[in-house]
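Take a look at the structure below.
Any read-out appearing in this document is the output of simple, stated calculations on the displayed coordinates, not a laboratory observation. Since the structure is predicted, the reported quantities are computational estimates derived from the model, not experimental observations. Glycine gets a Cβ as well: all are built from the backbone with ideal geometry, and neighbour counts include every protein chain shown.
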Amino acid sequence: MSKNLVAFFSASGTTKKVAEMIAEEAKADLFEIEPKVPYTKADLDWMNKKSRSSVEMSDKKYRPEIMKKKMDMSSYDEILLGFPIWWYREPMVIRTFLSRYQWKGKTIIPFCTSLEVDIPQARSDIMKLAPGAAVLEGRRFATENANLASEVKSWVQGLHI
């Protein structure tokens, strides 16, 4: 079994596309973090302060339920963790995922999808939420980029995993 895992959350399919490219290039296993209740287009309306995502992101302690799928995290040394950027950080569903596992001795390499917002705040949050893990700098992928596949390939090769 691979010692590398690409775990990701994707509300619209954008992050999933990048995660699949990364997993293929890294020859890593792929694991989708799925909310128990999928997000609808209305849920993702960041302009509506009453939308589900807006309400969740305004409460830093909120942890939406995720599907309980079997996964032996102890088999992996390095986890590439992917998500879209919501309100300058990782979605709360990522916090739910991080709370489910022991991270001591693991390396987490975050990656995100966003047109403009970079990953530093999310990395800082992950460092607090995954005690004992080494959390690397990570990378943002602008999915509107025509060179996305080559950027992903170059990034993964530079990780030396």
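Work out which GluC sites (Glu not before Pro) in the chain are exposed loop sites (DSSP not H, G, I, E or B, at most 15 other Cβ within 10 Å) and give the longest gap free of them.
1-64
Compute the distance in nm between two label points, each set 7 Å from the Cα along the Cα-to-Cβ direction, one at K50 and one at S75.
4.6
Of the candidates K16, K27, K60, which one comes out as most mobile in a Gaussian network treatment of the chain with C-alpha springs shorter than 10 Å?
Checking each option, the largest mean-square fluctuation is seen for K60.
Using helices alone, I'd like the mean residue ellipticity at 222 nm for the chain: each DSSP H run of four-plus residues gives -39500 (n - 2.57), total over residue count, nearest 500.
The helix-only estimate for the chain comes to -9000 deg cm²/dmol at 222 nm.
Over the chain, what is the percentage of antiparallel beta bridges among all DSSP beta bridges, to the nearest 5?
Just about 10 percent of them are antiparallel.
By the gyration tensor of its Cα atoms, with a ≥ b ≥ c the square roots of the eigenvalues, what is the shape of the stretch 1-100: rounded for a/c under 1.5, prolate for a/b over b/c, or oblate?
Prolate, since a/c reaches 1.5 and a/b exceeds b/c.
Quick one: which residues, 5+ away or cross-chain, put their amide H under 5 Å from the amide H of F111? H built at 1.01 Å from N.
L81, G82, F83, R139
Would you mind calculating the gained length between K60 and K153 on full extension (0.36 nm times residue separation, minus the Cα-Cα distance), in nm to one decimal?
Gain in length upon complete extension: 30.1 nm.
Mind computing the radius of gyration and Dmax over the alpha-carbon atoms of the stretch 19-161? Å is fine for both.
Answer for the stretch 19-161, Rg first and Dmax second: 15.1, 43 Å.
Between M21, M71, M127, where does the largest GNM mean-square fluctuation fall for the chain, given springs only between Cα atoms within less than 10 Å?
Result for the chain, Cα springs under 10 Å: M71 fluctuates most.
Can you tell me how the stretch 98-161 classifies by the Cα gyration tensor, rounded, prolate or oblate, using a/c under 1.5 as the rounded cut?
oblate
Using a Gaussian network for the chain with springs between C-alpha atoms less than 10 Å apart, which of these wobbles most: L30, L80, L44?
Of L30, L80, L44, the most mobile in the Gaussian network model is L44.
Using the Cβ atoms and a cut-off under 9 Å, what net charge is assigned to the surroundings of S53, where Lys and Arg are +1 and Asp and Glu are -1?
My count for the surroundings of S53 gives -2.
Between F31 and residues 5 or more places away or on another chain, which pairs have amide H atoms under 5 Å apart, with H built 1.01 Å from N, and which residues are they?
V6, A7, F8
Using DSSP to define loop residues, name the trypsin sites (Lys or Arg not before Pro) in the stretch 94-161 whose beta-carbon has at most 16 other beta-carbon atoms within 10 Å.
Qualifying residues, ordered by number: R100, K104.
Would you kindly derive the ³J(HN,Hα) couplings of the stretch 151-161 from the backbone phi angles with the Karplus curve 6.51 cos²θ - 1.76 cosθ + 1.60 (θ = phi - 60°), listing them in order in whole Hz, with x for Gly and Pro?
Listing the rounded values in order: 5, 4, 4, 4, 5, 4, 4, x, 6, 6, 9 Hz.
Report the Cα centroid-to-centroid distance between the stretch 95-136 and the stretch 33-85 in angstrom, as an integer.
So the separation of the two Cα centres works out to 13 Å.
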